[in-house]
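Undergrad: Here it is: the structure, laid out below.
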Amino acid sequence: MGDGEGISTSARYLSPSAPRQGDAWGREAAAEGRRGSQRIVQAGEVVAPEQVADLLGLAHGEYVVARRRIMYLDSEPCELTDTYYPVEIGRGTGLAGKGKIPGGAIRLLADLGHVGVRAQEDVAARMPTEGEREALALAAGEPVLQLTRLTLNSDNRPIQADVMVMPPRGQRLRYEIRIG
């Protein structure tokens with residue numbers, strides 16, 4: 001998270017929060033004495049990018065509900081997060097709108113009967129697009145990390161795909177693995 005090294009664990013972003021508890025991003029930042037916020041840039045139905053269609057098991061050209069956000073830490077942009085839902089899950093819900101979702105999207109998904117029990121994540125380093133460089137206020141030549149997460153329910157059905165882009169400075173991702 002941000003300039004100093006912060007540890008981000010994905011597990012807290014996969015479990016529904018208690019009602020009126022706020023979203024995981026804000027709670028994680030507050031735990032470090034910082035302020036985490038977000039701006040929803042775009043929300044609604046879009047044609048799924050090919051990578052997202054593949055993750056969600058959709059045919060290329062199918063629609064998804066998408067939420068595109070810029071995440072801020074102490075008012076500085078620190079991450080671009082695009083989240084995608086199959087239309088049968090997101091259509092007509094708060095996921096398709098630009099408004100803040102009380103308790104966060106994971107809480108809303110759980111309230112709708114869609115609980116993630118497993119997630120797959122891939123992290124890759126790459127050079128940013130010009131738009132990403134500008135949105136994250138990156139220096140020329142500065143790379144980004146792209147974290148792609150697929151969340152599945154107990155029937156192994158994809159319920160959410162996230163594509164997050166962030167500068168690597170100050171980032172440390174922690175993964176805890178339980179065996180058995």
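The values are calculated or read from the model by the stated rules, or taken from the named source; none is laboratory data. Note that this is a predicted model, so its numbers are computed, not measured. Neighbour counts run over all protein chains shown; Cβ positions are idealised from the backbone, glycine included.
Undergrad: Conditions: (1) under 21 Å from residue 92 (Cα atoms); (2) surrounded by 14 or more Cβ atoms within 10 Å (Cβ to Cβ). Residue 39 meets all but one. Number of the miss?
TA: Unmet condition: (2).
Undergrad: Which residue, of 88, 45, is loosely packed, with under 15 Cβ neighbours inside 10 Å, of a type outside the set (Phe, Trp, Tyr), touching a residue at least 12 places away in the same chain (Cβ under 8 Å) and farther than 30 Å from residue 142 by Cα?
TA: 45 is the lone residue from the list that is loosely packed, with under 15 Cβ neighbours inside 10 Å, of a type outside the set (Phe, Trp, Tyr), touching a residue at least 12 places away in the same chain (Cβ under 8 Å) and farther than 30 Å from residue 142 by Cα.
Undergrad: Of everything in the stretch 1-54 that's at pLDDT 85 or above and of a type in the set (Asp, Glu), which residue is farthest from residue 146 (Cα to Cα)?
TA: 45
Undergrad: Among the listed residues 132, 121, 88, identify the single one that is modelled with pLDDT of 95 or more, more than 18 Å from residue 38 (Cα to Cα) and among the acidic types (Asp, Glu).
TA: After applying the criteria, what remains is 88.
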